[in-house]
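FYI, it's all coordinate maths here, none of it is from the lab. Note that the coordinates shown come from a computational prediction; the quantities given were computed from them, not determined experimentally. Backbone-built Cβ (ideal geometry, glycine too); neighbour counts: all protein chains shown.
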Amino acid sequence: MVGHAKRKELGVVDLVNEDDKDTLGHARHRIRNYLDTRKGLKNLGILRSERTLQGDYAEWLVARLLNLQLSKSAVEKGLDARDEEGRTYQIKSRIVSDLSSRTSFDLSDPDFHFDHLVAGFFDLNLDVLGMLRIPYDVVIELGSQTASTFRLYWRGLSSLDNRMEQLFWSN
């Protein structure tokens, strides 16, 4: 490992060929902006972990939409939030091209009981396409165990079940 003094003397720019120096400069600028943005999102309470923006943003958005209290730990197993009546929520999100896209919502342990799964669908810009509240028993009934996880498959609009509440749905 290169020591701090040596790193400063050498400089990252010296590690790339001449053709890549301009690209590296642009990349480092964007990375600094990205890190500043993450810090700002943490200050707003949107980012709560070092996970992806998508997951933390979904939890924050659902908590605001449903007036939920997010768990103290952003990585508490199987539980993301509670409502005023004490009901528990698992919040999952996926980026899809549209609501007819196939995807799945994975749960590490289906035996860890929660009251509702909120399944969020974002487009590539993290604009909300749809959001469903699904009771635990429906998740268990419609989902299936794989070798490593429990999975609720979304096979497009044909997956809608009348027991799933559409909190938000774009047409």
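The dipole here belongs to the chain: it is taken about the Cα centre, uses +1 on the Cβ of Lys and Arg and -1 on the Cβ of Asp and Glu, and is about 520 debye.
Given the -39500 (n - 2.57) contribution per DSSP H run of 4+ residues, what per-residue ellipticity at 222 nm results for the chain, rounded to the nearest 500 deg cm²/dmol?
Computed mean residue ellipticity for the chain: -9500 deg cm²/dmol.
If you run the Gaussian network model on the chain, springs between alpha carbon atoms under 10 Å, then out of Q69, Q54, Q145 the most flexible one is Q145.
Protection proxy ranking, highest mean first, for peptides 152-163, 103-114: 103-114, 152-163, where packing is the per-residue count of other beta-carbon atoms within 10 Å, averaged.
If exposed GluC sites (Glu not before Pro) are those in a DSSP loop with at most 16 other Cβ within 10 Å, what is the longest stretch of the chain that has none? It works out to 86-171. Each pair of Cα atoms in the chain enters the Kirkwood radius, and Stokes-Einstein at 20 °C and 1.002 mPa s then converts it into a translational diffusion coefficient of 116 µm²/s. Computed over all pairs of different Cα atoms, the Kirkwood value for the hydrodynamic radius of region 70-171 is 14.0 Å. Compare K42, K92, K21 in a GNM of the chain, Cα atoms joined below 10 Å, and give the one with the largest fluctuation. Among K42, K92, K21, the largest mean-square fluctuation in the Gaussian network model of the chain belongs to K21.
Assuming a ≥ b ≥ c are the square roots of the Cα gyration tensor eigenvalues, decide whether region 35-121 counts as rounded (a/c under 1.5), prolate (otherwise, with a/b larger than b/c) or oblate. Oblate is the answer for region 35-121, as a/c is 1.5 or above yet b/c matches or exceeds a/b.
Between L117 and Q90, I134, Y136, the built amide H atoms are under 5 Å apart, and every one of these is 5 or more places off in sequence or on another chain.
Note on L35 and S100: with the Förster distance fixed at 41 Å, the Cβ-Cβ geometry gives a FRET efficiency of about 0.70.
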